[in-house]
Amino acid sequence: MHESQTIINLLKAIHDLLDTRLPSNELPRQVPEKAAPLFSRKAAADYLLVTTKTITNWRNQGKLPAVVEEGKAPQYRQSDLDRCFERYWGRAK
């Protein structure tokens, strides 16, 4: 059997298995990220032991992702702050 035909047969088997396991009207849903509290620029700076200007610089340089809602100041997730802390200070928070 040709290699591509084997892959096609495998994909069909997976499809059939999923088709029998999932109701036809219900698609698998992504689980939303838990609503973790967001940090303001000042709180993020305090958490990372840096200045607020450093937070702004890191955001502008793409080093620290921010959650920006229309008409509101940028806010920061703790998981992103923890990654920055480890990168900057060389150890986990």
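Structural remarks
- Residue count for the stretch 59-93, restricted to those that are of a type in the set (Asp, Glu) and closer than 19 Å to Leu49 by Cβ: 3
- Some residue of the stretch 31-38 being surrounded by 12 or more Cβ atoms within 10 Å (Cβ to Cβ) and at pLDDT 75 or above: yes
- Scanning the stretch 53-93 for residues that are assigned to a helix (DSSP H, G or I) and of a type in the set (D, E, K, R) gives Lys53, Arg59, Asp80, Asp82, Arg83, Glu86, Arg87.
- In the stretch 51-78, the residue that is farthest from Lys93 (Cα to Cα) out of those that are modelled with pLDDT of 95 or more and of a type in the set (Val, Ile, Thr) is Thr56.
- Test result for Thr20, over 22 Å from the mean Cα position of the chain (by Cα), modelled with pLDDT of 95 or more and of a type outside the set (A, V, I, L, M): no
- Within the stretch 43-64, the set of residues being polar (S, T, N, Q) and loosely packed, with under 15 Cβ neighbours inside 10 Å comprises Thr51, Thr52, Asn57, Asn60, Gln61.
The values are calculated or read from the model by the stated rules, or taken from the named source; none is laboratory data. Values in this document were obtained by computation on a predicted structure and should not be read as measured data. Methodologically, a virtual Cβ is constructed for each residue, glycine included, from the backbone with ideal geometry; neighbour enumeration extends over all protein chains shown.
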